[in-house]
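This report concerns only the one structure given below.
Quick note: the coordinates plus some simple rules give every number you see, no bench work behind them. These numbers come from a predicted model, not from an experiment. Virtual Cβ from ideal backbone geometry, glycine too; neighbours counted across all protein chains shown.
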Amino acid sequence: MDRRRVRPGALDVIRRLAAALVAGLAASASAAEPPSIESLFRLPQYSAMVLAPDGSVVAALAPVNGRQNLVLLDLGSRKATPVTSFEDVDVVAFDWVSSKRLLLRTGTLNDRDANFRGGDLIAIDRDGNQPYRLAERGRLLRMDLPTAAWEIPVRMLPGEGDDVILQQFRPERSRVAAGGLRRVNTRNGQSTPLSLDKPEGGEGERWLVDDNGVARAIVVGREKSVTSWYRSGAGKPWVKVSEEEALSAGRTPVAIDGDGLIVSVDSGRDKAALYRWSPETKLAAEPIAEHPRVDLRRIRFDQGTPVGVSYADDVPGTAWFDPAIRRVQEAMDKAMPGTVNDLSWSRDRKHFIVQSRSDVSPGAFYYFDATSGKLEWLADRSPWIKSAEMSHTRAVRYKARDGLEIPAYLTLPRGSDGKGLPLIVNVHGGPYVHGSTGMFDPETQFFASRGYAVLSPNFRGSTGYGWKHFQGGLGQWGLAMQDDLTDGVQWAIAQGIADPKRVCIYGASYGGYAAMMGVAKTPDLYRCAVNYVGVTDLILMLTATWSDYSDSDYARYIQQDAVGDVTRDRERLEKASPARQAAKITAPVLMAYGASDRRVPIEHGTKMLSALRAAGKSPEWIVMEGEGHGFRNPENVAAYYKAVEAFLAKHLKPAN
């Protein structure tokens, strides 16, 4: 069978044959070498694909010159032609301006962070000609804004013009402030301001723009509040939609909907749902979309029109308002069962790109011709990853000590009986973000392939699971948030999954903090800990003047509620700072930091290192020069995970 021509339903046959083959070879497969670190963590062959608006070609991100660059994929020949060939930066994001022109952002790509502020914003024709740098290393060019710090695309406009809508941010005294909205020509940089009559300004601003390029709604974040405004058209009066305290439940505009808005509402309910709002009728009585377990916030658009909403339940998905797109989704899900199939399409909806992914597959890209009904394979995201060699992940839920249900994902080593295993608790960063989704994760597969069970909790404070779940994490660093991890370990032990004498806690950023706090707060629970670019001193975090968020009044205010006030809560913050509790740590520790990290400066690591040594401990210590909040250089990535592999093998003795 030609793999590139997949008939609906044909993949079922392939999967059944593959499953039978894998079952027949189980004995030999179990003895095979695990996938190499280099193969798991290398850049994918393709990491994104987006059709041109006219459906003629596909733009994609792919490695060129050892960096992630923009390429053009011909749908007929499947030949990829580089559009960019950067050697010192990555293309971290892109979109089509028209069917002939693209807008891209450069930056530094790694596992933990993409440096959007420091990169360039460049427009370029799809043949690689007529590049125009709209912003360079944080300075806007030819926009009469010489002090602008950085900017973000807000809206691609319909049609085949060259204009886009950009939002600028600029330094202002000791902080960063929103600098307004502009319509910019991507060929010559000429711009027209769109926000001169905005109702109010703030440090944080998020705009909604209609198909005509008119700013119709704005969400303004100031030090202690968030306010939303709406207007029916250019020159019309602004109407206040809502005003709430920062970090409180409320209503947030997420889309323009004709003569009103679609707003995400979590005030008066737990899970955020979507409602219509208009100046005349205000908030509708009933939601247009809601989910019993997760929040709804991410609208899917078709040329500015809301057509669906994506959600992150145990398995991610999208609910389509539009019946035509819903039918395509149903056909793709039938053709490729057991996978999450994400859709994008051309302007006329005759051509679709489908990204199919799962817990054991980083994904493949398919082309669907809606006219002929033909589904064809385009490319695998990482063809060297063999799904049959990966370990399955399943959603689980356990009760915290106060009764709160904690959603989590559990991955068991392939071929194991799931009993008495060495366990790694993998704590996500943020922490106020949505953590694991259960989809393919190279780090999870790295651990599982080495014989470890992996528990990935979305502890309280994680977003997406309702207001109660999020709000429960405010001010709970080292307290209830940490207890959720402890309770997850106890659940895994009670289920017979984890060997109570072989548990390690691992994480990056906030996860690194939780790893260190875990071995300080519950020293008898963990056999070891790995701290990757983690916070270790909350007072240092709240008072530092050199991190990438320390110039933000809004971020500092949010941190007072989310973490604590240095004066008011000093005693609690000291008790919740691993660097100030080093004497309590008895488990072996590995710590790794980037020397150039501005999100969590290396001072957090050196302070923890000094405290541990002063307490008579000998932690393993890794510093990578030239690296930031997570490692980018493939040699450094491989060296780091090889050190982790050896550290875990020494202290946990993995299962066969």
In debye to the nearest 20, the charge dipole size for the chain, taken about the Cα centre with +1 at each Lys and Arg Cβ and -1 at each Asp and Glu Cβ, equals 720 debye
Across bins of 20 angstrom width beginning at 0, how are the C-alpha pair distances of the chain distributed, in whole percent?
17, 52, 29, 1
Take the Cβ-Cβ distance between Asp369 and Asp211 as r, set R0 to 25 Å, and report the resulting FRET efficiency rounded to the nearest 0.05.
0.40
What 222 nm value per residue comes from the helices of the chain, counting each DSSP H run with n ≥ 4 as -39,500 (n - 2.57) and dividing by all residues, nearest 500 deg cm²/dmol?
-6000 deg cm²/dmol
Using the Kirkwood radius over C-alpha pairs as Rh, can you work out the diffusion coefficient of the range 391-652 via Stokes-Einstein at 37 °C, viscosity 0.692 mPa s, in µm² per second?
179 µm²/s
Hey, what do the phi angles of the range 635-649 turn into as Karplus ³J(HN,Hα) couplings, whole Hz, using 6.51/-1.76/1.60 and θ = phi - 60°, x for Gly and Pro?
5, 5, 4, 5, 5, 4, 5, 5, 5, 5, 4, 5, 4, 5, 4
Which of the lysines could be linked to Lys617 by a straight reach, that is with a Cα gap under 24 Å, when you skip same-chain ones fewer than 8 residues away?
Lys501, Lys521, Lys575, Lys584, Lys607, Lys642, Lys650, Lys653
Can you compute the charge dipole magnitude of the range 391-652 about its Cα centre, using +1 on each Lys and Arg Cβ and -1 on each Asp and Glu Cβ, nothing else charged? Give it in debye, rounded to the nearest 20.
700 debye
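How long are the semi-axes of the equivalent ellipsoid of the range 216-310, defined as square roots of 5 times the Cα gyration tensor eigenvalues? Whole Å, largest first. Present the calculation step by step, with values, prior to reporting the outcome.
Details: eigenvalues 77, 64, 29 Å².
Semi-axes, largest first: 20, 18, 12 Å.
Quick one: if the Förster radius is 60 Å, what FRET efficiency do Ser225 and Ala32 give, using the C-beta to C-beta distance and rounding to 0.05?
0.55
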Of Gly201, Val340, Thr486, farthest towards positive along the dipole that unit charges on Lys, Arg, Asp, Glu beta carbons give the chain:
Thr486
Given H placed on each backbone N at 1.01 Å, which residues far from Leu296 in sequence or on other chains put an amide H within less than 5 Å of it?
Ala272, Ala273
Residue among Asn426, Pro601, Gly496 farthest towards the positive dipole end of the chain, charges placed on Cβ
Gly496
Can you list residues whose amide H is under 5 Å from Leu134's amide H, if they're 5+ apart or on another chain and H is modeled 1.01 Å from N?
Leu121, Ile122, Ala123
Could you give each residue of the range 371-384 its phi-based ³J(HN,Hα) in whole Hz, using Karplus coefficients 6.51, -1.76, 1.60 with θ = phi - 60°, and x for Gly or Pro?
6, 8, x, 8, 10, 10, 5, 9, 6, 8, 5, 9, x, 7
Karplus (6.51, -1.76, 1.60) ³J(HN,Hα), θ = phi - 60°, over the range 297-311, in Hz, Gly and Pro reported as x
9, 8, 7, 9, 10, 10, 6, x, 9, x, 10, x, 9, 8, 9
I'm a student and want to see the number: the projected area of the Cα convex hull of the range 552-624, averaged over all directions, in nm².
5.7 nm²
Could you tell me which residue out of Gln168, Tyr409, Trp467 lies farthest along the dipole of the chain toward its positive end? Charges go on the beta carbon: Lys and Arg +1, Asp and Glu -1, centred on the Cα centre.
Tyr409
Considering only DSSP beta bridges where both residues belong to the range 391-652, give the percentage that are antiparallel (nearest 5).
35 percent
What's the magnitude of the charge dipole for the range 274-417 around its Cα centre, counting Lys and Arg as +1 and Asp and Glu as -1 at the beta-carbon? Answer in Debye, nearest 20.
100 debye
